[in-house]
Amino acid sequence: MTEIVMRNLGKDFGGFTALADMDLTIGSGEFVALLGPSGCGKSTTMNMIAGMLDPTHGEIRFDGRMMNGVPMAKRGVGFVFQNYAIFTHMTVRDNLAYGLRARGVAKPEIARRVGDIADLLQLTPLLDRKAARLSVNILQRLAIGRSAVVEPAIFLLDEPLSNVDAAFRAVMRSELKALQRQFRQTMVYVTHDQLEAMTMADRIAVMDHGKLLQVGTPLEVYNHPVDTFVARFIGAPGMNLLAGRVTSADTGLTVDLGAAGHCPIQAGQGGEVLFGFRPEEVHPDPKGPMEMTVTTVERIGARTILHLAAGSHAAKVVLDSETAVPDQGEAFRFSVSPGAVRLFDPQTERAL
Amino acid sequence: MTDMTTQQLGAAERHADTALHEGAEERRLGLWLTLPAQLLVIFIALFPILMQVYISLTDWSPLDGIPWYRAYELWIGLLNYVDLANDPRFWSALWRTCIVMAICVPVQFLLGLGLAILFVDDFPGRRVLYSTILVPMMVVPAVAGYMFFMLFQSGGPVNDILSFFAGRPVTIAWLSDPDLALFATIVSDIWQWTPLMFLILLAGMVSVPQDQQMAAILLGASWWRRFWTIVLPRMKTIIIIALAIRLIENFKVFDNFYIMTGGGPGVATETISIYIYKVTQQELIWGYVAAIALAILIVLSIVSALAIKKLRSVQ
Amino acid sequence: MQRSLSFEIFRYAAIFTFLALSLVPTIWMISMAFKPIAEWQASGADLTWWPANPTLDNFRFIFGESGSDLIVALERTAGRPILASLLAASFGTLIAMTAGTAAAYGLSRFGAGGNLPLALIQLRIFPPMAVMIPVMIMWAFLGLIDSWYGLALIYGIVTMPFSFWLMKTFFDDMPREIEDAALVEGCSRWRVFLRITLPIMRPALASSALFVFILNWSDYLIALLLTTRDWVTIPVYMASLSSSMTGQLYGAKAALGLIAAVPPVIMGIAIQKQLVRGLTFGALKE
């Protein structure tokens, strides 16, 4: 169990800044997801933690120990690769024993520790099988077991689910989360899938264009995005953002949304804003202050997604499928409770 | 990047997916397309082998003044094969060829592997140096033979270099001393074909997945351990292919040896191809040559069939 | 991955040592080719590693131009053997490529000729020396001895395994969809092959042809057996550049050797990427 501290960490490739001035502390035993679209710098960050890349500036410390310049073999980092990088020409047992043998651990000790980890991961019946042609969840367990057996200080996971069938991902996610609870190891998990990050991580670090935008628990990031990028990126579908104008009336503050109507809010200053609300926070309300036209109705089992438009505004709304839903082309009237509204500055795109 | 497809040896089986395209027109077209190649194979394999079997049972020589198809007038049955079994020059040529293979191929392999290790990751100048290393294998082998003929003259540059290091004139007669002549010819073969080993082994080494090596490093494996446990096992098929190619070609060796020494002095550098050539061109006993050739063909067919079968089962 | 400085030093040292040794023969031949007679006849202590008075006399000499210091006059100049090598290697390549490409396509697309892959590999395994007696008899019977076309025919057959296997791997790699689209449009199979597939395959055809040409151009043994006088190729002719009277004509041989060596080296570097594929019968693609 190790605390990772990154301070002012940055990486340039030629003229291209892959990561700019990252400050992040990952607590001991914490499971942190680095989340962002491809090219956001999350893999660069992970590779620098592992020692595969040298930072251009800044520092990385494990439990206060400076890691810059320490070769990757000496960092005590367990790494689970995107395609698991299992040694397919060896047996499962040889895979698990690889790190111990490389460290010159005595034979009986190797047998004992490999046996233990195989029991823990339910790999015992497979120990003498060739590691080629194992199913993907067994490969994942084997990859984790192979790293875990040498008791690394931290675990890095590089999009381990991105090559997995969508149907199987939920199983793999829960298995991975269970494993993390068993090992209680500090884990850093890189992903571009916000759902993976939301369901597994203790905290999420959202990144874009080489910058760390926000760090927080899944709910913090979901409920209080610091800017419009995070607001849109988290959630499926992401937060709706409509251009509007804050006005004060006798009844209190409202946002005037032009063609879409208006919406009361709790606080805010006058002027142009981006009016944000989660698709899940919408209440169908025949007397509601907002009205938009339904352009598409997407029924996906338990939920129904309405695509709405009004003037230049577009929004999505998620309703459970019990609710009576208007047809395409009809008007949809609704309200958003003032507590659920988030306002952003239209120039800086930061939360107000 | 690299795709192992030795299974292609059994390519015909893998074409099940063409079923969609298999109509009468397609079958006919397929036959027409493969016809020229089939005819050429028959032309170069079937006729010659039948002819070879026939002539090998006679004492025919082009000097006898009778055409080859009347060679039965000189019928001697299996006598040529009996002679072959008791021909010390044949056996010594075969043995010598095996010695040449036993030296050349491992040396080429080790040098090629060592170079491949140096070239496996990028460094400034890699492309140019890579191309330069390949030059010898593209030189016409006969010309290569001639180059080494010049180098190993007693007043030539090899002795000049040795003189420089020895501090006194060195005049070793490389090509007229039996042992040194074999050494010199072997050097020329190693010079020419080490680049080929390098080329194939490097391609194989580059194809070893990078993340597996990274994983091994992160698990604390030293360079040697990674090389033995990850890189070499993953290159197994490629190594077998590279060795097989060189063994086959080395068995046929003729050009550089013949030009450097003519098989001499005496028979000191006489490989199997040179021996057959000499019997063909100088002694002109073609019935006997046919017997030698056929014996070699049969042995090689068996060996290659076994090797290909083995290679398939390894896959 | 970072490597230590000492490794980098070792790497360059090792590579340059190897190259220094491996380039000596080539450099020596180049040097000899441009030396005047006095220099290439020198030996022992008088050796010059680089021509002190570079000259093109050796090249003039092998093409029959007098005026050089060589007393001897050549009975035959190098022009004809160069032509012989060019004709035999080019037409041999044409034969190998035509038959090999057609067969490769037939197998790759229609599964025809399933015996060919193995038959051609075995053809390659056999030493040419082991089938030359019947070939010499057949060639004599057909009147093909000492002719460029007789040589081209045997070259074509001997190198067909390479053209076949190379083109087969290229055809196997080519996506079928392109052809299928044309078939749906109503083109006949022949048309698709000639108008769609072959043009797409042009780069593959070119590199395969260059590869096969190098092999043909490099032959010595077959030409030694099947040509006698009019159509001897460069390597065979080279041996005649010496006699009991003149001894070895080193300079002339080096000049001719250089002429013979340059085309395959240039072609080989041009098709560097396909060399591995060609040499391993397509088992290894880069």
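The values are calculated or read from the model by the stated rules, or taken from the named source; none is laboratory data. All of these numbers come straight from a predicted model, not from anything done at the bench. In this analysis, Cβ positions are derived from the backbone assuming ideal geometry, glycine residues included, and neighbour counts consider all displayed protein chains.
Among the candidates C:I121, C:I137, C:I62, single out the residue that is within 14 Å of another protein chain (Cβ to nearest Cβ), closer than 19 Å to C:Q248 by Cβ and either surrounded by fewer than 18 Cβ atoms within 10 Å (Cβ to Cβ) or of a type in the set (A, V, I, L, M, F, W, C) (or both).
C:I62
Could you tell me whether A:V105 is in a loop (DSSP other than H, G, I, E, B), of a type in the set (V, I, T), at negative phi and away from chain B (no Cβ under 11 Å)?
No: the conditions fail for A:V105.
Among (1) surrounded by fewer than 19 Cβ atoms within 10 Å (Cβ to Cβ); (2) small (G, A, S); (3) at pLDDT 95 or above, there is one condition B:S131 misses while meeting the rest; what is its number?
(3)
Return the residues of segment A:229-252 that are touching a residue at least 12 places away in the same chain (Cβ under 8 Å), part of a strand (DSSP E or B) and over 15 Å from A:F277 (Cβ atoms); say none if nothing qualifies.
Passing the criteria: A:R245, A:T247, A:S248, A:G252.
Quick one: which residue in C:W190, C:W217 is surrounded by fewer than 16 Cβ atoms within 10 Å (Cβ to Cβ) and either touching a strand residue (DSSP E or B) at 6+ places or on another chain (Cβ under 8 Å) or within 14 Å of another protein chain (Cβ to nearest Cβ) (or both)?
Of C:W190, C:W217, the one residue that is surrounded by fewer than 16 Cβ atoms within 10 Å (Cβ to Cβ) and either touching a strand residue (DSSP E or B) at 6+ places or on another chain (Cβ under 8 Å) or within 14 Å of another protein chain (Cβ to nearest Cβ) (or both) is C:W190.
Does C:P161 satisfy the condition of being surrounded by fewer than 24 Cβ atoms within 10 Å (Cβ to Cβ), at the interface with chain B (Cβ under 10 Å from one of its Cβ atoms), touching a residue at least 12 places away in the same chain (Cβ under 8 Å) and not basic (K, R)?
Against the criterion (surrounded by fewer than 24 Cβ atoms within 10 Å (Cβ to Cβ), at the interface with chain B (Cβ under 10 Å from one of its Cβ atoms), touching a residue at least 12 places away in the same chain (Cβ under 8 Å) and not basic (K, R)), C:P161 does not qualify.
Just checking, which of A:T17, A:T2 is closer than 13 Å to A:I154 by Cβ and in contact (Cβ under 8 Å) with a residue 60 or more places away in the chain?
On inspection, the qualifying residue turns out to be A:T2.
Surrounded by 16 or more Cβ atoms within 10 Å (Cβ to Cβ) and at pLDDT 90 or above, is that true of A:R101?
The answer is yes for A:R101.
Just to confirm my filter: which strands (runs of 3 or more DSSP E) fall fully inside segment A:126-219 and include at least 1 residues that are away from every other protein chain (no Cβ under 14 Å), within 12 Å of the chain's Cα centre (by Cα) and modelled with pLDDT of 90 or more?
Filter on segment A:126-219 gives A:186-191, A:203-208, A:211-216.
Identify, from the list C:W139, C:W165, the residue that is touching a helix residue (DSSP H, G or I) at 6+ places or on another chain (Cβ under 9 Å) and over 30 Å from B:W68 (Cβ atoms).
The conditions single out C:W165.
If a residue has to be without any contact (Cβ under 8 Å) to a residue 12 or more places away in the chain and of a type in the set (D, E) to count, how many in segment C:118-148 make the cut?
Here the count works out to 0.
Can you tell me which residue is nearest to the other protein chains (Cβ to nearest Cβ) among those in segment B:213-251 that are of a type in the set (S, T, N, Q) and over 30 Å from A:V149 (Cα atoms)?
B:T237
Does C:I145 fit the bill of being surrounded by fewer than 21 Cβ atoms within 10 Å (Cβ to Cβ), touching a Leu at 6+ places or on another chain (Cβ under 7 Å), modelled with pLDDT of 90 or more and more than 7 Å from chain B (Cβ to nearest Cβ)?
yes
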